[in-house]
Amino acid sequence: MDNRKSSHQMWFLGWLGRLPLAFLYKLSDVFYVLIYYVVGYRKKLVTKHLKESFPEKTPKEIKKIRKQFYQLLADLFVETLKLPYLSAEEIQERVQIENFELIKNYVDQGQSFLSFSAHIANWEWVPGALTTRGIPVDVVYKTLTNKQSDEFMIKVRSSFGVYPIPMQRLMREIVARRKIIRTTGLVADQSPHEPEHAHWLPFLNRETGFFPGTEKIARTTKMPVVFGEMYRKSRGYYIVLFHSVAEPPYDDLPEGAITNSYKNLLEAAIQRHPAEWLWSHNRWKHKKEKFVKS
């Protein structure tokens, strides 16, 4: 019964994605009212994160950022559903890349590279915006517990020929696909699964654990690393600006240097566009003092 119910839900979500974006944004407006005013989805957590990250901002400013975040979160839901039904022309129009030459040069030189992304703006649209511009993309994802939901998201993330890779198969797939010139995209701002092994760095006014595996992948593969800063230009339209994080060889770089460079770029991007990051994620559930003894 549960599987049938889940299948029906996935079918309904897929059907919604076929509707025009103009209509989906009307649904998003309703969804925003529900999650912000009625349900108050993680509102206390979001408020806490914003206050601690921006202690210099007034309560009025915090409230404004919070409301903008929830509006974006509602839009992100419908935009993700719409992704498989956008045309190549539409995804390129809606996701503008300001310095495309930075990453195109890698591909032109026959060099694969790593993209350390983040839960910022609409990160789900970026891979399609790259593949339709001639940059093959492997996107790493965390497998969902619910089989139907996982299959649905794989379908969404496979749009425009993107190649999805479950996290647990990442290194095997990197080896198997080593002759394909591409970028491998990893969302690197998640809370680490093993905080005792994390890189602990100052980030948004508190000590924050960063997943060490992304840096290990860069050092093992000897690939260059970029970070894609993304922000919303207007509703349904985004701008991506790529930054160089690190270039091999990495032998002389101290441990954690690549992660620290990524962290600095991400922090600056959030400070420029504070409503764009996924504040509802419990990013600071782990505390350094619990895992690192002085």
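The values are calculated or read from the model by the stated rules, or taken from the named source; none is laboratory data. Just so it is clear, the structure is predicted and the values come from calculations on it, not from any experiment. We place every Cβ from the backbone using ideal geometry, glycine too, and count neighbours over all the protein chains shown. Heads up: the accessible areas ignore ligands, DNA and RNA and are worked out on the full protein's heavy atoms, side chains in. Shrake-Rupley method; radii C 1.70, N 1.55, O 1.52, S 1.80 Å.
Rounded, prolate or oblate: which fits the stretch 125-275 when a ≥ b ≥ c are the square roots of the eigenvalues of the alpha-carbon gyration tensor, with rounded for a/c under 1.5 and prolate only if a/b beats b/c? Rounded is the answer for the stretch 125-275, as its axis ratio a/c remains below 1.5.
Amide hydrogen proximity for Tyr238: with H placed 1.01 Å from N in the peptide plane, the residues at 5 or more positions away or on another chain lying under 5 Å are Val95, Gln96, Lys233. Placing a pseudo-label 7 Å from each Cα along the Cα-to-Cβ vector at Glu289 and Val33 gives an inter-label distance of 4.5 nm. Once the C-beta distance of Glu151 and Leu19 is scaled by a Förster radius of 22 Å, the resulting FRET efficiency is 0.55 to the nearest 0.05. 3J(HN,Hα) along the stretch 138-155, derived from phi through the Karplus expression 6.51 cos²θ - 1.76 cosθ + 1.60 where θ = phi - 60°, amounts to 9, 10, 8, 9, 8, 4, 7, 5, 6, 4, 5, 5, 5, 5, 5, 5, 5, 4 Hz, with x in place of Gly and Pro. Placing unit charges on the Cβ atoms of the charged side chains and taking the dipole of the chain about its Cα centre, the candidate lying farthest along the positive direction among Pro59, Ala88, Gly128 is Pro59. Normalising the average separation of contacting C-alpha pairs (under 8 angstrom, six or more residues apart) by the number of residues puts the relative contact order of the stretch 10-126 at 34 percent.
A 1.4 Å probe run over the chain, with the rest of the protein chains in place, finds 51 Å² accessible per residue. In the Gaussian network model of the chain, springs joining C-alpha atoms below 10 Å, which of Tyr238, Tyr37, Tyr141 carries the largest mean-square fluctuation? Among Tyr238, Tyr37, Tyr141, the largest GNM mean-square fluctuation belongs to Tyr37.
Quick one: with all protein chains in place, what share of the accessible area of the chain is carbon or sulfur, to the nearest percent (1.4 Å probe)? The computed percentage sits at 55. Between Gly134, Gly213, Gly256, the residue with the greatest mean-square fluctuation in the GNM of the chain (Cα pairs under 10 Å linked by springs) is Gly134.
Annotation: peptides 10-23, 64-77, ranked by per-residue average of other Cβ atoms within 10 Å with the highest first, follow the order 64-77, 10-23.
Rounded to whole numbers, the Karplus 3J(HN,Hα) couplings from phi for the stretch 183-190 are 10, 10, x, 10, 7, 9, 9, 6 Hz, using 6.51 cos²θ - 1.76 cosθ + 1.60 with θ = phi - 60°, and x at Gly and Pro.
Applying 1/(1 + (r/R0)^6) with R0 = 22 Å to the Cβ-Cβ distance of Asn205 and Lys64 gives a FRET efficiency near 0.70. The relative contact order of the chain comes to 22 percent, based on Cα pairs under 8 Å that sit 6 or more residues apart. Taking a quarter of the surface of the Cα convex hull of the chain gives a mean projected area of 16.7 nm². Within straight-line reach of Lys5, meaning a Cα separation under 29 Å, sit the following lysines at least 8 residues removed in sequence or on another chain: Lys26, Lys43, Lys82, Lys142, Lys147, Lys155. Rounded, prolate or oblate: pick one for the stretch 65-210, where a ≥ b ≥ c are the square roots of the eigenvalues of its C-alpha gyration tensor, a/c under 1.5 means rounded, and failing that, prolate if a/b is larger than b/c, else oblate. Rounded, since a/c falls under 1.5. Using the Cα centre as the reference, give the magnitude of the dipole from point charges on the C-beta atoms of the stretch 175-294 (Lys, Arg: +1; Asp, Glu: -1; all else neutral), rounded to the nearest 20 debye. Charge dipole of the stretch 175-294: 480 debye, to the nearest 20. Here the dipole of the chain is about 1060 debye; that uses its Cα centre as origin and unit charges on the Cβ of Lys and Arg (positive) and Asp and Glu (negative). Proximity of backbone amide H atoms, modeled 1.01 Å from N, is registered between Tyr141 and Ile165, Met167 at under 5 Å, excluding neighbours fewer than 5 places apart on the same chain. Taking label positions 7 Å along the Cα-Cβ direction at both Thr143 and Lys26, the computed distance is 4.1 nm, reported to one decimal.
Remark: for residue pairs Lys104/Lys263; Lys216/Lys285; Lys104/Lys216; Lys63/Lys104; Lys60/Lys104, the C-alpha separation exceeds 32 Å in Lys63/Lys104; Lys60/Lys104.
Taking each residue as 0.36 nm, the span from Ser87 to Gln109 lengthens on full extension beyond its C-alpha to C-alpha distance by 5.1 nm. 3J(HN,Hα) couplings calculated from phi for the stretch 200-208 with the Karplus curve 6.51 cos²θ - 1.76 cosθ + 1.60 (θ = phi - 60°) are, in sequence order, 9, 9, x, 8, 6, 6, 7, 5, 10 Hz; Gly and Pro show x.
GNM on the chain, C-alpha springs below 10 Å: top fluctuator among Arg42, Arg94, Arg172? Per the Cα network of the chain with a 10 Å cutoff, Arg172 tops the list.
Mark the label point 7 Å from the Cα of Lys5 along Cα→Cβ and return the residues of the stretch 134-171 whose backbone N is within less than 18 Å of it. So the set is 145-150. Ignoring aspartates and glutamates fewer than eight residues from Lys64 along the same chain, the ones with Cα atoms less than 19 angstrom from its Cα are Asp29, Glu52, Glu56, Asp75, Glu276.
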